[in-house]
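Starting off with a structure, shown below.
The values are calculated or read from the model by the stated rules, or taken from the named source; none is laboratory data. The shown structure was predicted, so the numbers you read here are calculated from the model rather than taken from an experiment. Note: ideal-geometry Cβ built from the backbone for every residue, glycine included; neighbour counts use all protein chains shown.
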Amino acid sequence: MKYTILGAGIAGLSTAIALQKIGIQAQVFEAAPEIKPLGAGLLLAANAVKAYQRLEIADKIVARGHLLPTFAILDQAGSTITLADAAAISQRYGLHNFAIHRADLHEALLSELDAQYITTGKRAVQIEQNEADITIQFQDGTSATTDCLIVADGIHSAVRRQLLPDAVPRYAGYTCWRAVIDAGDLEWSAASETWGTNGRFGIVPLSGNRIYWFACINAPANDADMSRYTVADLQRHFGNYHAPIAQILAKTRDEDLVWNDIIDLKPVKNFAFGKIVLIGDAAHATTPNMGQGACQAIEDAVVLADELARNEKPEVAFRAFEQRRLKRTRYIVNNSRTLGWLAQISHPLLATARNTLFRIIPESVNERQMKTLFEVDF
Ligand SMILES: Cc1cc2nc3c(=O)[nH]c(=O)nc-3n(C[C@H](O)[C@H](O)[C@H](O)COP(=O)(O)OP(=O)(O)OC[C@H]3O[C@@H](n4cnc5c(N)ncnc54)[C@H](O)[C@@H]3O)c2cc1C
């Protein structure tokens, strides 16, 4: 049986490794001419680390990242709203809150795979599924046939557009800049996200004395002014936020900025379509507010391989995968969207009320959420 994976992102590569472990050598087709991950840093939580433990590559990946002792939500002045102690969470759920540069994660994943099974420069534009097989048409005029197709081509998935034309990405109401900088003499070991009336600013230390930061500002979709924002504009925008935000921005060059509007996908009802299955962002793209998009893509890889190992017929495995993944990913997409809406409140009175409320949320509520997120049934 021939398996093909579309997309060599976190979902596609993690799945290729998971399939390899159960004796399936999948062919991966990637649109980009070379595998060069866009974006900056990534937080991976206990559930993602557990999934990589299943694939026996967690140590290798964790070694390239940076363990974060705490993760705090702060107000504009720098006072704590909530504080998660990673060591305490780790004791209960396993390794938690670990940050990695996307390029380092990709490098670790690629090192597990045989390069001959990854073909770059192949952008799928259309597929045809019939009784016998599936044909993938690529933009360059070539095509490939396969028995089973795993679609991991991200939020703008061309195949999903064909299978579910109504599932289009939706804008969350805020736009985001990211960068990785050399921390230099800036000593900052804690990860934080600051919720202020001008927007959000996140700081995440990475390995090698680097800092990953992100900034989210409320704005119309595809805003021309935002598209022209430079570091100087961001310095003005976050000028009255606590230290070391100004220092971090001062160390950032305009060419380091990665800018994109924050979008997600309204939860869909199906991931499985006969011998075709959608995974990762192609299936359930979420806003980044819970830091779970990639974590869910990694969980997908393990669950999909588990079902393929149990079921002889791929269409049965794909349907079982769908049943195991729909509810969990819907929960994350919906909760993450709500959290983003709360974090982006710009009205000063509402922001103060929100901060007060978050400060008094009982520990039992946080506990329940962590249990749901981190106690994964693989
Ligand atoms: C600002 C921001 C911050 C985030 N932070 C976090 C975080 O801290 N933690 C976390 O867990 N998640 C985070 N995420 C989410 C995470 O980035 C995604 O969930 C994850 O990258 C999804 O992986 P994927 O492989 O499904 O899709 P992608 O990473 O989009 O990969 C898709 C791949 O498919 C290729 N492709 C596209 N179209 C085609 C085609 N037609 N044919 C062939 N190949 C194609 C692309 O080139 C790409 O290589 C964040 C997202 C954003 C926007």
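Filter segment 144-196 down to residues that are small (Gly, Ala, Ser), in contact with a helix residue (DSSP H, G or I) (Cβ under 6 Å, 6 or more places away or on another chain) and assigned to a strand (DSSP E or B), then give me how many there are.
Residues that pass the stated criteria total 2.
Return the residue satisfying two criteria in turn: it lies in segment 23-38 and is among the small types (Gly, Ala, Ser) and surrounded by 17 or more Cβ atoms within 10 Å (Cβ to Cβ), and of such residues it is nearest to Tyr117 (Cα to Cα).
Ala26
Name the single residue, out of those in segment 325-349 being of a type in the set (Ser, Thr, Tyr) and assigned to a helix (DSSP H, G or I), that is farthest from Asp153 (Cα to Cα).
In this case the residue turns out to be Thr338.
What's the number of the condition Ser364 fails, among (1) without any contact (Cβ under 8 Å) to a residue 12 or more places away in the chain; (2) under 18 Å from the mean Cα position of the chain (by Cα)?
Going through (1) without any contact (Cβ under 8 Å) to a residue 12 or more places away in the chain; (2) under 18 Å from the mean Cα position of the chain (by Cα) one by one, Ser364 breaks only (2).
Tell me which residues, restricted to segment 1-23, are within 16 Å of Ala317 (Cα to Cα) and charged (D, E, K, R).
Matches in segment 1-23: Lys2 only.
What about Leu6, is it within 9 Å of the ligand (Cβ to nearest atom) and surrounded by fewer than 20 Cβ atoms within 10 Å (Cβ to Cβ)?
no
Give the number of residues within segment 54-85 that are over 29 Å from Asn260 (Cα atoms) and buried (at least 17 other Cβ atoms within 10 Å of the Cβ).
4
Among the candidates Ala294, Ala219, which residue alone is touching a residue at least 12 places away in the same chain (Cβ under 8 Å), small (Gly, Ala, Ser) and more than 18 Å from Arg102 (Cα to Cα)?
Going through Ala294, Ala219 in turn, just one is touching a residue at least 12 places away in the same chain (Cβ under 8 Å), small (Gly, Ala, Ser) and more than 18 Å from Arg102 (Cα to Cα): Ala219.
Within the set of pairs 6 or more residues apart or between chains, which connect a residue that is on the phi > 0 side of the Ramachandran plot inside segment 330-351 to a residue that is at pLDDT 95 or above and part of a loop (DSSP other than H, G, I, E, B) with Cβ atoms less than 8 Å apart?
Sorted first by the residue in segment 330-351, then by its partner, the list stays empty.
If I filter segment 59-66 for residues that are assigned to a strand (DSSP E or B), in contact with a strand residue (DSSP E or B) (Cβ under 9 Å, 6 or more places away or on another chain) and within 12 Å of the ligand (Cβ to nearest atom), do I get at least one hit?
Within segment 59-66, none of the residues are assigned to a strand (DSSP E or B), in contact with a strand residue (DSSP E or B) (Cβ under 9 Å, 6 or more places away or on another chain) and within 12 Å of the ligand (Cβ to nearest atom).
Let me ask you something else. Since Val180 meets every condition but one in (1) within 30 Å of Thr356 (Cα to Cα); (2) out of contact with any Cys (no Cβ under 9 Å at 6 or more places or on another chain), which condition does it not meet?
(1)
Right, something else. When Phe378 is evaluated against the numbered criteria (1) assigned to a helix (DSSP H, G or I); (2) surrounded by 13 or more Cβ atoms within 10 Å (Cβ to Cβ), which criterion, by number, is the only one it fails?
Failing condition for Phe378: (1).
Residue by residue, here is whether (1) at positive phi; (2) within 14 Å of the chain's Cα centre (by Cα); (3) more than 15 Å from the ligand (Cβ to nearest atom) holds:
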{"position": "Lys2", "(1), (2), (3)": "no, no, yes"}
{"position": "Ile10", "(1), (2), (3)": "no, yes, no"}
{"position": "Ile17", "(1), (2), (3)": "no, no, no"}
{"position": "Gln20", "(1), (2), (3)": "no, no, yes"}
{"position": "Ala31", "(1), (2), (3)": "no, no, no"}
{"position": "Lys36", "(1), (2), (3)": "no, no, no"}
{"position": "Leu42", "(1), (2), (3)": "no, yes, no"}
{"position": "Asn47", "(1), (2), (3)": "no, yes, no"}
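Further question: Only one of (1) at pLDDT 95 or above; (2) away from the ligand (no atom under 16 Å from the Cβ); (3) not acidic (Asp, Glu) is not met by Arg92, so which one is it?
Failed condition: (1).
Something else: Say whether the condition of being at pLDDT 95 or above, under 20 Å from the mean Cα position of the chain (by Cα) and assigned to a strand (DSSP E or B) is met by at least one residue in segment 124-143.
Within segment 124-143, none of the residues are at pLDDT 95 or above, under 20 Å from the mean Cα position of the chain (by Cα) and assigned to a strand (DSSP E or B).
Would a scan of segment 294-301 turn up a residue that is small (Gly, Ala, Ser) and in contact with a strand residue (DSSP E or B) (Cβ under 6 Å, 6 or more places away or on another chain)?
Yes, segment 294-301 contains at least one residue that is small (Gly, Ala, Ser) and in contact with a strand residue (DSSP E or B) (Cβ under 6 Å, 6 or more places away or on another chain).
Here's another thing I want to ask about it. Among the listed residues Leu109, Leu83, Leu105, which satisfies the condition of being out of contact with any strand residue (DSSP E or B) (no Cβ under 9 Å at 6 or more places or on another chain) and either in a helix (DSSP H, G or I) or without any contact (Cβ under 8 Å) to a residue 24 or more places away in the chain (or both)?
Matching residue, one of Leu109, Leu83, Leu105: Leu109.
For the structure I just gave you, tell me whether Pro169 is closer than 27 Å to Asp300 by Cβ and either within 14 Å of the ligand (Cβ to nearest atom) or touching a residue at least 60 places away in the same chain (Cβ under 8 Å) (or both).
yes
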